[in-house]
1. To the nearest 0.05, what FRET efficiency results for residue 180 and residue 146 with a Förster distance of 45 Å applied to their C-beta separation?
2. Which FRET efficiency value, to the nearest 0.05, do you get for residue 65 and residue 115 by plugging their Cβ-Cβ distance into 1/(1 + (r/R0)^6) with R0 = 35 Å?
3. With every protein chain left in place and a probe of 1.4 Å, what is the accessible surface of residue 27, to the nearest 10 Å²?
4. Using helices alone, I'd like the mean residue ellipticity at 222 nm for the chain: each DSSP H run of four-plus residues gives -39500 (n - 2.57), total over residue count, nearest 500.
5. Using a 1.4 Å probe, how large is the accessible area of residue 64, given in Å² and rounded to the nearest 10?
6. How much length would be gained if the chain were fully extended between residue 83 and residue 100, taking 0.36 nm per residue of separation minus their Cα-Cα distance, in nm to one decimal?
7. Mind checking which of 111, 100, 121 is farthest towards the positive end of region 92-186's charge dipole, using Cβ charges of +1 (Lys, Arg) and -1 (Asp, Glu) about the Cα centre?
8. Lysine pairs in the chain with Cα distance under 26 Å, only those 8 or more apart or on different chains: how many are there?
Amino acid sequence: MGMSSLKLLKYVLFFFNLIFWLCGCCILGFGIYLLIHNNFGVLFHNLPSLTLGNVLVIVGSIIMVVAFLGCMGSIKENKCLLMSFFVLLLIILLAEVTLAILLFVYEQKLQCCGVNGTSDWMGSAPASCPSDPQVKGCYVKAKLWFHSNFLYIGIITICVCVIQVLGMSFALTLNCQIDKTSQVLGL
C-alpha cells in the first residue's frame, strides 16, 4: 500500500470517527437533558435505576470514547490507540450480538406465555404470564413480530455490523501499514 493510500485511509478513519464522536456528544447531551428534566420513567420495573436518560448517557459516553480512540489513533498513527479502538469495537460487536439474543429470549412485551402457550406448564402458569387463558405462546408471537419487522431489523443490523467491521478493518490495516512504514524508514 502506497503512502497516498495510507494517508487516505488515515483521514477516512479520522473523518468517520469524528462524525461518530459528534453523534456521541449529541446522545450524551440528550441523555443529560432527560436526566435533568426527568420526563421518562424506568425502562424495566425490576431495574429502577435503568432510565432512558441513564441509558443514553452510558451509550453516548461509550461512543465518544471509542470514536476518540479511533480519531486520535488514526491521525497520530498511534498503534496502541488503534488496537484499543479495534478491541473496543470487537467487544461492542460481541455485546450487541449477546444483547440481541437476550432480548429475543427474554422479551415479555409480547404478552405471551411459554413456548406454545399456558399448556407448557403442569398446573398453573408462572406469575409472569398474562392472566388471559387464551394467551398465545411466545414462539408464535415472536415469530409474528419478527416477520412483520424483518426488513427493518435486517437493514439496521447489517448497517451497524458493516460499519463496525469496516472500522475494525481500517484500524488493523492502518496499524499494519504503520509497521511497514516504520520498517521502510528504518525507525
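1. Numbers: r = 46 Å, r/R0 = 1.02.
Result of the calculation: an efficiency of 0.45.
2. Numbers: r = 40 Å, r/R0 = 1.15.
With R0 = 35 Å, the Cβ-Cβ based efficiency is 0.30.
3. That residue has around 50 Å² of solvent-accessible surface.
4. After summing the helix terms and dividing by the residues of the chain, the value is -25500 deg cm²/dmol.
5. 40
6. 3.6 nm
7. It is 111, whose Cα lies furthest towards the positive end.
8. Lysine pairs meeting the criterion: 11.
The values are calculated or read from the model by the stated rules, or taken from the named source; none is laboratory data. Owing to the predicted nature of the structure, the values given are computational and were not obtained by experimental measurement. Because the Cβ atoms are built from the backbone with ideal geometry, glycine has one as well, and the counts that use them run over all protein chains shown. We work out accessible area using only protein heavy atoms, side chains counted, and drop any ligands, DNA or RNA first. Shrake-Rupley method; radii C 1.70, N 1.55, O 1.52, S 1.80 Å.
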